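Read through the structure below, which is laid out as structure tokens, and then see the notes.
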Amino acid sequence: MEAWYEYLRKNLNYPSQARRMGTEGTVLVRFVVNKDGSVQDVELLRTIGGGCDEEAMKVIQNSPAWNPGKMRGIPVRSRQVIPIKFKLN
């Protein structure tokens, strides 16, 4: 998880429109991790607007390969839900 948080720190940009509007909140993103670690079927479960939703989807779609889920030691497709928080300082 530490690698994931480092990736987010480097690649997640707070949209300027959301910053101007004072938009804060959590975007929930659901996606599938394939057997090879690639990501597909990215969709939003909770949105907050202001460009944050698109930014959250972009950061998931462009993420490096994930470790696939395993069942009895065999890689399997798995569905993930990740909260991505946007908070102004």
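The values are calculated or read from the model by the stated rules, or taken from the named source; none is laboratory data. These numbers were taken from a predicted model, which means no experiment stands behind them. Note that each Cβ is placed from the backbone with ideal geometry, even for glycine, and that neighbours are counted across all protein chains shown. Heavy atoms of the whole protein, side chains included, go into the accessibility calculation; ligands, DNA and RNA do not. Shrake-Rupley method; radii C 1.70, N 1.55, O 1.52, S 1.80 Å.
In sequence order, what are the phi-derived ³J(HN,Hα) couplings for segment 58-64 according to the Karplus relation 6.51 cos²θ - 1.76 cosθ + 1.60 with θ = phi - 60°, rounded to whole Hz, with x for glycine and proline?
Per-residue couplings from phi come out as 4, 5, 6, 4, 9, 5, x Hz.
Tell me, in nm to one decimal, what length is gained between TRP4 and VAL81 on full extension, where the rule is 0.36 nm per residue of separation less the Cα-Cα distance?
Fully extending the segment from TRP4 to VAL81 adds 26.4 nm.
Name the long-range amide H neighbours of ARG77: under 5 Å, sequence gap of 5 or more, or other chain; modelled H, no Pro or chain starts.
LYS35
Just want the answer: with Cβ charges of +1 for Lys and Arg and -1 for Asp and Glu, which residue in ALA3, GLY73, CYS52 is farthest toward the dipole's positive end in the chain?
GLY73
Given a cut-off of under 8 Å on Cα pairs at least six residues apart, what relative contact order in percent is computed for the chain?
That works out to 37 percent.
So if I place +1 on the C-beta of Lys and Arg and -1 on the C-beta of Asp and Glu, and nothing else carries charge, what would the dipole magnitude of the chain be about its Cα centre? I want it in debye, nearest 20.
Its charge dipole is roughly 200 debye.
Tell me the carbon and sulfur percent of the accessible area for the chain, rounded to whole percent, probe radius 1.4 Å.
48 percent
Using the Cβ atoms and a cut-off under 15 Å, what net charge is assigned to the surroundings of GLY69, where Lys and Arg are +1 and Asp and Glu are -1?
Net charge around GLY69: +4.
In Å², what does the accessible area per residue of the chain work out to with a 1.4 Å probe?
Ligands and nucleic acids excluded, the result is 66 Å² per residue.
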